[in-house]
Amino acid sequence: MKISSKLVSVVLVSLLWMLCRPVYAADLFIFHALAPDTSETVLDHSSWSEFLSKYIEPQDGLNYFRYGEVSETDSKALDDYLVGLQSVVVTELTDEQQFAYWVNLYNALTVRVILDHYPIESIRDISFGLLSRGPWKKSLVTVQNVDLSLDDIEHGILRPVYEDERIHYAVNCASIGCPNLQTMAFSEKNLESLLEQSARQYVNHTRGVKIVDGELIVSSIYKWYEADFGDSEAEVIEHLIEYASDELKTKLDEFDEIDDYEYDWSLNE
């Protein structure tokens, strides 16, 4: 039987996808499954808040980070914070504490990775392997004896466990096109308000949503994760309307589909 070259190509691509696709261990879900209703554990994210407020510079709705100015003392403080997070027994935290914990861990790790490779033009310039582009699949921390990558935290824990589209406004990938890295740490007390603030900031900035020559252009985040915001472009637009200013909301009411997507991977410095 003659096997076509097209069939061979399809098989090879399928095998490559199976080898490279994200695989999230069942261990990741145990954190949330064991979350108590109340917790006596008090998490101190103050050093992370101090670090953020010191090096983030808001300009025209975008929070830039001064990576090149981070002192050795503050770099050490960031390392100490990450070590402290890895010593936390996450299964003893409430849902709200866990949510804030994972967001802070993700963002602090991202900043740490950038600092370790700085200067760079984009986070995608960082590579930990032949087939990798970016640091997201590399195991970077160990929490309760589970090795975790950035992808594990976002796609193996935060997204499937909480099913909250605002996660995409909370985790930061150190890029201009990404929602803002906030000037304070997330906590169980400010979680809801900070998620809402992050969503409104992004939707009402041109890198999130803009209308040019009668066309609706939005961030590629709404294409990559459309299922998180709705099952169609129309539902994504409904989500945008929920967080849009009155002026933008009036304009969005005229659209039922998205014309184009954009994303700027340049470093947010």
Report task. Express the carbon and sulfur contribution to the solvent-accessible surface of the chain as a percent, rounded to the nearest whole number, probe 1.4 angstrom. Result -> 50 percent
Query - Distant-in-sequence amide H partners of Asn63 (H built 1.01 Å from N, under 5 Å) - result: Leu181
Query - Coil-residue trypsin sites (Lys or Arg not before Pro) of the range 41-94, DSSP, other Cβ within 10 Å capped at 15 - result: Arg66
Requested in this report: Relative to the compact-globule scaling 2.2 N^0.38 Å, provide the ratio for the alpha-carbon radius of gyration of the chain.
Outcome: 1.08
**Report entry** Residues whose placed amide H lies under 5 Å from that of Val141, excluding near-sequence neighbours
**Finding:** Leu148
Query - the chain - accessible surface per residue (Å², probe 1.4 Å) - result: 52 Å²
Report summary line: Scalar couplings 3J(HN,Hα) for the range 83-92 by Karplus 6.51 cos²θ - 1.76 cosθ + 1.60 (θ = phi - 60°), nearest whole Hz, x for Gly and Pro, are 4, x, 4, 6, 8, 6, 8, 5, 5, 9
**Report entry** chymotrypsin sites (Phe, Trp or Tyr not before Pro) restricted to DSSP loop in the range 128-188 with at most 16 other C-beta within 10 Å
**Finding:** Phe128
Query raised in the report: Across the chain, how many lysine pairs separated by 8 or more positions, or lying on different chains, have Cα atoms within less than 23 Å?
Result: 9
Query raised in the report: So what J values fall out for the range 145-153 if you push phi through Karplus, 6.51 cos²θ - 1.76 cosθ + 1.60 with θ = phi - 60°, rounded to Hz, Gly and Pro as x?
Result: 6, 10, 6, 10, 9, 4, 4, 4, 5
Query raised in the report: How large are Rg and Dmax for the range 106-207 when only the alpha carbon atoms are used, in Å?
Result: 14.2, 42
Report summary line: Going residue by residue through the range 235-242, the Karplus relation 6.51 cos²θ - 1.76 cosθ + 1.60 with θ = phi - 60° gives ³J(HN,Hα) values, rounded to whole Hz and with x marking Gly or Pro, of 6, 4, 5, 4, 5, 4, 4, 4
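The values are calculated or read from the model by the stated rules, or taken from the named source; none is laboratory data. Note that the structure is a prediction, hence the values are computed from the model and not measured. Heads up, the Cβs are rebuilt from the backbone with ideal geometry, glycines too, and the neighbour counts pull from every protein chain shown. These area figures cover heavy atoms from the full protein model, side chains too; ligands, DNA and RNA do not enter into them. Shrake-Rupley method; radii C 1.70, N 1.55, O 1.52, S 1.80 Å.
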